[in-house]
Every structure is written in C-alpha cells, then in structure tokens.
Amino acid sequence: MKNRISVPAILLLLMALFVLQACNVYHKSAVSVEEAVQAQERVKIVTTDNVFYEFKRLQRKDDQLLGVTKPGSDTAGKLKGYEQIFDGKNVMIPLDENRIESVYLRNKSKSNLLSYGIPAVLVGGALVIVAASSVPVSGY
C-alpha cells in the first residue's frame, strides 16, 4: 500500500506559499521623508494618529508629497475620501507631511528571504516527504 500525502496537507502548503509571497518587512529605524523620496522604494508610513499606510514609493511633484500605490490596495481603500490622481496602473495620493510621524523603508533582504527562501524550504521539505513516502521498504 502506498503512503500518500493528504490533500489538506498539500492545500496547507500551497496556502502558506501564497501568503508568504505578499509579505514585506520594513526596517526598524525610521528615515526622513526626503530620504524615502530619494530611495524610490516601498515604504510604510505611520501618521500622528497611529494609522499605518504602505506605498510603493513616495515622490514629489510641484512641492507636494505623493504616495504611490495600486488603486485596489488596502492603502487606497483607507484613503478613499482623499484626492486620488490616477497615473496608469498606479494612483498617487497627496499626503500632508505634518501628519506623518515616521517613515520606514522596505528591508529588501528580509522581504526576499520571507517571500522566496521560506517557500523554497517548504517546497523542498514537501518533496523530501513525498520522495521518502514513495520509496518501497524492503525486507517484508
């Protein structure tokens, strides 16, 4: 009789892979707004009323600070009542710098490890289990 991995185990593995693909990790130390604009990287903003927003990047246009995100993102949904300037696949949302308490840049190495490293280990582990369960045991 062959040992097989159950369907729920495979579904759980696939769910873990999908969830981990969307993870972003941010540096613990905050940077200035200008540093974030210069970096042109994904950022997390904390406002003075302790609300978190994630943007693909920050940019300046005519001395106005803009947060760039996707139209269907959580951030765009949270800021639905604010002016939103559509720019192709992105939406730019004007931000009030006086309401920004801190800005955190995305930690690329930890984000990549979480997004690619852990799923690779999970898939490798699943392959080892499958291979081990399909090897016939001799001596019986």
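Observations on the structure shown:
- Taking each of 80/108; 44/89; 44/78; 28/80 in turn, the alpha-carbon distance tops 25 angstrom for 80/108; 28/80.
- Cβ-defined net charge surrounding residue 74, 13 Å radius [Lys, Arg +1; Asp, Glu -1]: +4
- Count Lys and Arg as plus one, Asp and Glu as minus one, and take only other residues whose Cβ is under 10 Å from that of residue 42; the net charge is then +3.
- Local charge for residue 89 was computed over the other residues whose Cβ lies under 14 Å away, with Lys and Arg +1 and Asp and Glu -1, and equals +2.
- Diffusion of the range 29-122 by Stokes-Einstein, at 37 °C in a medium of 0.692 mPa s and with Rh set to the Kirkwood radius over alpha-carbon pairs, works out to 234 µm²/s.
Any read-out appearing in this document is the output of simple, stated calculations on the displayed coordinates, not a laboratory observation. Not measured: the values here are computed from a predicted model. Quick reminder, even Gly has a Cβ in these numbers, built from the backbone with ideal geometry, and neighbours come from all protein chains shown.
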